[in-house]
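Structure, as structure tokens:
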Amino acid sequence: MTVGLASVSAAGVVAQTAPPPPAATGAATAQQEYNAAVVLDDQGDKAGALAAWQRFGQRPGLTARTRGIAKVREGADLIALRRLDEGAEATRLGLANLPKNEAALAPDRWRANYNLGLAAENSLDYAMAASQYSAAEKEIADGVEGVVALVGVVRTLTFVDRLAARDALARLDRIAPAAKLGKSDLAQIARLHTLVALNTGDLRTASASALEAVTKLGGITEKTSVEDARARSDAAIALLLNNAPDEARRYMAMTGAGRLGTSRFDPAAAMQAPDCGGEAELRPSDVAVVEFAVDDDGRPVSIRPVYAAGGPAAGLAFARAVRDWSWTPEQVKAIPPFFRAAARVEMRCSTAFARPSLRGQLGVAVEEWLATKGAVASPEPQQPSTAIGEQRAALGAAEARSATSLQTLAALYRLMNNPFNPDPTTPLAARGLGIARTQGAPPVVQLAFDLPQREGARLDSWKPPVFQRLATAMLTEPTYAADPQARALLRLMMADRIDSGKSRGGASDTATLVLQQVVDDKALAANDPLRVGALVRLASIEERAGNPAGARDAFMKTGLSPSQCGLLDAPPKMVAMPGAEAFPMEALQWGFEGWTQVQYDVGSNGRAGNVRALLSYPPFIFTKAGTKFFDSATFAKTYRPDGSLGCGASTTRVKFTMPK
């Protein structure tokens with residue numbers, strides 16, 4: 001859905017400013033420069049428009065209001081060019097200069113908030129994105145602009161607060177008829193109904209709205225656009241989950257996924273499932289479908305969750321794992337551009353090196369310390385969006401008694417960690433840090449406020465180099481450098497960002513050095529969870545690097561079960577496997593090809609157990625076939641004195657190809 005706002009407020013905007021100095025003969029006036037930049041935007045020349053807005057913004061004599069308008073337009077072009085951090089910064093600067101109550105500037109304030117939402121959504125910060133889209137909706141709550149803002153609200157809230165997403169969808173349904181939308185836009189709204197219904201377990205509604213979207217786009221025909229493929233894939237997922245597998249396969253077949261002819265969509269050269277646990281506390285039963293495009297350089301872009309069983313946070317956790325995948329130039333060339341534009345993969349987490357949430361440990365430290373001081377944080381809300389008012393009231397009441405009390409700190413902590421809190425986290429965290437220091441909180445409690453304060457100052461703090469610089473600076477500060485728990489937590493977080501599950505040598509080497517510092521820290525007990533966590537991560541890095549001896553050595557020091565396959569000198573060899581009968585007949589009939597990455601344990605008797613598909617393409621087509629493959633597979637027996645598990649959490653990729 002697109003909005004023709006480029007020309008809104010274009011006419012006469014400069015006439016309201018202080019007149020510029022007389023122009024030299026032949027030089028463009030300010031209004032002419034402004035209009036020229038608008039034309040470039042309308043033509044889709046974002047690079048040219050960006051340069052034009054930057055030139056216009058530097059003209060002498062412009063008011064702060066007009067510079068604000070230009071800065072917002074500059075930010076929009078930067079975001080369109082995927083320069084998200086620069087775009088967000090320019091947009092914020094521009095928005096700050098736009099008068100809040102001037103009705104004529106509502107379209108520009110709408111644009112600013114909407115573009116900040118886009119930038120946050122592309123960074124997979126859906127809570128912030130939903131807040132910015134909601135701010136855009138408040139500026140223009142009806143018409144096409146209101147519809148577009150609410151589309152963003154619903155799309156992001158589905159993976160933050162599903163009940164609030166339903167409410168936003170109801171508002172969208174109320175205003176959409178008056179906006180006089182075309183069929184493709186109405187199909188997009190039907191797809192939003194599918195998105196919300198899928199992720200709230202209303203499979204009947206999901207199936208009906210998915211089929212409605214396909215119909216509005218022209219139905220099942222041989223002509224397929226990217227939007228057609230998305231709508232048909234939605235229908236396939238909804239129908240499959242609603243126990244209509246035959247119809248599901250028909251719709252999936254008409255997306256083209258898994259039916260590339262002589263071309264192919266191979267797994268990425270670097271492609272790993274996220275570890276179970278972590279900040280989202282992923283469970284082995286959680287499953288998600290994530291959509292992404294593959295850029296010319298092999299990087300995934302335009303990443304977004306489509307479906308998540310396991311809660312809203314699970315969908316975003318799986319989507320963030322996709323950021324670390326990459327395809328080689330040769331692989332990119334083999335994928336037709338159409339299939340690179342909106343690929344979807346089914347995902348589950350890996351149990352090989354499950355790890356606890358580091359930020360969760362910070363939270364535990366805060367709540368335990370507050371409890372020792374007689375201040376108790378309110379329980380985490382079941383519905384974050386509806387708890388904002390109550391949390392703000394609790395903070396106000398605590399501040400009325402004492403602005404620097406521990407109860408104020410407890411209220412601040414709960415509010416700043418509410419994912420739907422529309423207020424910026426940075427100032428809340430800064431206030432909390434000040435109170436924590438005043439109250440003599442231990443360094444690890446101070447860290448729980450200081451870290452989000454510093455991260456919130458940058459939209460790109462999720463990027464490994466940015467976070468590494470941030471954490472490295474904090475490790476030089478006496479407060480954290482002298483505290484074993486705080487410095488270990490910072491190093492573990494840094495190692496996770498640097499390594500990010502990749503197998504690149506440089507990143508893994510740096511992560512190894514950081515993790516070894518935690519292991520070698522004499523102030524940590526041998527069984528300290530943070531030290532054990534560092535050893536588990538070291539074992540994971542060594543296993544991926546093909547060094548089983550190093551992996552075994554690191555893992556044995558944890559005191560955990562030593563049965564992981566990566567810790568053996570050589571994983572058990574498969575000595576018998578199924579043949580062509582493993583190819584599912586239904587997929588054969590529809591001409592599907594695809595692959596799964598399967599995780600399994602090998603018992604001491606050589607048989608596989610606990611078989612799980614971690615990654616599958618196309619979604620749900622080969623998942624069962626990939627796991628069933630191991631029903632008749634046999635591995636070389638592995639000796640264990642107690643007859644226990646021979647090898648756990650091994651992974652193998654199974655590729656299903658049609659006979660040529």
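Numerical summary
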| read-out | value |
| --- | --- |
| Farthest positive-ward along the chain dipole, Cα basis, beta-carbon charges - from F622, L433, A352 | F622 |
| Length gained when the stretch T215-D295 is fully extended (0.36 nm per residue, less Cα-Cα span) | 25.8 nm |
| Rounded if a/c under 1.5, otherwise prolate or oblate - the chain, Cα gyration tensor axes | oblate |
| Hits among lysines - C-alpha to C-alpha of K655 under 16 Å, sequence gap 8 or more where chains match | K624, K628 |
| Estimated FRET transfer efficiency (N547, A371; beta-carbon r; R0 51 Å; 0.05) | 0.70 |
| Inter-centroid distance (Cα atoms) of the range 114-143 relative to the range 378-453, Å | 24 |
| Point-charge dipole on Cβ atoms (K/R +1, D/E -1) for the range 148-241, about Cα centre, debye to 20 | 140 |
| 9 Å beta-carbon shell around S233, net charge (K/R +1, D/E -1) | +1 |
| Cα centroid separation, the range 602-626 to the range 310-363 (Å) | 18 |
| Loop-resident sites, the range 134-222, for GluC sites (Glu not before Pro), counting at most 12 other Cβ within 10 Å (DSSP) | E222 |
| For P381, net neighbour charge (Lys/Arg +1, Asp/Glu -1) across residues whose Cβ lies under 12 Å away | -2 |
| Calculated FRET value between L475 and A178, using beta carbons and R₀ = 60 Å, to 0.05 | 0.60 |
| Contact order normalised by residue count of the chain, Cα under 8 Å, 6+ apart, percent | 9 |
| Set of aspartates and glutamates near K333 by C-alpha distance (under 14 Å), chain-local residues within fewer than 8 positions excluded | D266, D295, D296, D297 |
| Neighbourhood charge, 11 Å Cβ-Cβ cut-off, centred on V322 and excluding it, Lys, Arg +1 and Asp, Glu -1 | +3 |
| Computed [θ] at 222 nm, deg cm²/dmol, the chain (DSSP H ≥ 4; -39,500 (n - 2.57); rounded to nearest 500) | -16500 deg cm²/dmol |
| Prolate/oblate/rounded label for the range 182-255 (Cα gyration tensor, a/c 1.5) | oblate |
| Size of electric dipole in the chain: Cβ of Lys, Arg +1 and of Asp, Glu -1, about Cα centre, debye, nearest 20 | 280 |
| Taking the range 101-150 and dividing mean pair separation by its residue count, relative contact order in percent (alpha carbons under 8 Å, at least six apart) | 37 |
| log10 of Debye I(q)/I(0), alpha-carbon scatterers only, for the range 238-386 at 0.11 Å⁻¹ | -0.57 |
| For the range 275-355: rounded, prolate or oblate by the Cα gyration tensor [a/c cutoff 1.5] | prolate |
| Gain in span if fully extended, A397 to T426, counting 0.36 nm per residue against the direct Cα distance | 8.3 nm |
| Links that overshoot a 24 Å alpha carbon limit, given the list K138/K180; K46/K71; K46/K138; K46/K100; K71/K100; K522/K557 | K46/K138; K46/K100 |
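Every read-out reported here was derived from the displayed coordinates using simple, explicitly stated rules and does not represent laboratory data. Note that this is a predicted model, so its numbers are computed, not measured. Note that each Cβ is placed from the backbone with ideal geometry, even for glycine, and that neighbours are counted across all protein chains shown.
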